[in-house]
Amino acid sequence: MDYMVVYSSKTGNTKKIATEIFSALPGMSKDMQSLEEYKGKDADTFFIGFWVDRGTCDMSVIEMMSRLHGKKVALFGTCGMGKGERYYKGIEQKVKVWIPDDCEYLGIFLCQGKMPMQIREKYEISREDPIQEAWRRQILKDFDEALFHPNEEDLEHARKFVGQILM
């Protein structure tokens, strides 16, 4: 098989990106499975998706990536708290270290994704400390912006990411 798209999705955001990546891959020699369904099906190139939790991926993704050897690996993910090149670069650095050295790392695509409202509720109480209050307001701003993601622009960027990887 040429391509395998494997993803972990807690809220459906990463699944949405996985579906877009899968549809952008050429040919018929491809498959897509959630990490829970994945039973070690082999491919030349893996697209591995995750939701960001505290700046990295969850342990199940780490375990799956650690078992790959001699493969081409591209990463993708969704995150609700924060965005921007610097933030995304930090996530990339924390996640790609789990790819074995004998694999070829192809790159990463990250975008925002909406989160459950109970996350927002944790940050609705004002803080007396001006630094903590500024941080809290930024968290709420990021949360509210993420409510509209992944959007059509994110899906287009995911398709372009596949095109860049396959060049």
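The values are calculated or read from the model by the stated rules, or taken from the named source; none is laboratory data. Not measured: the values here are computed from a predicted model. Because the Cβ atoms are built from the backbone with ideal geometry, glycine has one as well, and the counts that use them run over all protein chains shown.
Taking only pairs six or more apart or across chains, which ones have beta-carbon atoms under 6 Å, a first residue in the stretch 8-28 that is free of Cβ contacts under 8 Å to residues at least 60 places away in the same chain and within 11 Å of residue 49 (Cα to Cα), and a second residue that is part of a helix (DSSP H, G or I) and of a type in the set (A, V, I, L, M, F, W, C)?
The qualifying pairs are 8/61.
Out of the residues in the stretch 109-142 that are aromatic (Phe, Trp, Tyr) and either touching a residue at least 12 places away in the same chain (Cβ under 8 Å) or assigned by TED's automatic domain parsing to the domain that holds residue 78 (or both), state the one that is surrounded by the most Cβ atoms within 10 Å (Cβ to Cβ).
Only one residue tops the list, namely 109.
Given the structure, is residue 89 among the charged types (D, E, K, R), in the same structural domain as residue 23 (by TED's automatic domain parsing), within 13 Å of the chain's Cα centre (by Cα) and not in a helix (DSSP H, G or I)?
no
How many residues does the stretch 143-167 hold that are surrounded by 11 or more Cβ atoms within 10 Å (Cβ to Cβ), of a type in the set (Asp, Glu) and modelled with pLDDT of 95 or more?
Adding up the residues that qualify gives 3.
Report, by residue number, each residue of the stretch 57-86 that is closer than 13 Å to residue 108 by Cα and modelled with pLDDT of 95 or more.
57, 72, 73, 74, 75, 76, 77, 78
In the stretch 1-83, which strands (runs of 3 or more DSSP E) lie fully inside it and hold 2 or more residues that are touching a Phe, Trp or Tyr at 6+ places or on another chain (Cβ under 6 Å) and crowded, with 22+ Cβ neighbours inside 10 Å? Full working, then the answer.
On the way: elements: 3-7, 30-34, 45-51, 72-79.
Once the strands (runs of 3 or more DSSP E) in the stretch 1-83 are filtered for at least 2 residues that are touching a Phe, Trp or Tyr at 6+ places or on another chain (Cβ under 6 Å) and crowded, with 22+ Cβ neighbours inside 10 Å, what remains is 3-7, 72-79.
Within the set of pairs 6 or more residues apart or between chains, which connect a residue that is among the β-branched types (Val, Ile, Thr) inside the stretch 89-106 to a residue that is surrounded by 14 or more Cβ atoms within 10 Å (Cβ to Cβ) and part of a helix (DSSP H, G or I) with Cβ atoms less than 7 Å apart?
Listed pairs, sorted by first residue: 99/65.
For the stretch 50-70, indicate whether the set of residues that are under 18 Å from residue 163 (Cβ atoms) and out of contact with any His (no Cβ under 6 Å at 6 or more places or on another chain) is non-empty.
No, the stretch 50-70 contains no residue that is under 18 Å from residue 163 (Cβ atoms) and out of contact with any His (no Cβ under 6 Å at 6 or more places or on another chain).
Could you please let me know if residue 100 is touching a helix residue (DSSP H, G or I) at 6+ places or on another chain (Cβ under 9 Å) and under 19 Å from residue 46 (Cβ atoms)?
When the stated conditions are applied, residue 100 passes them.
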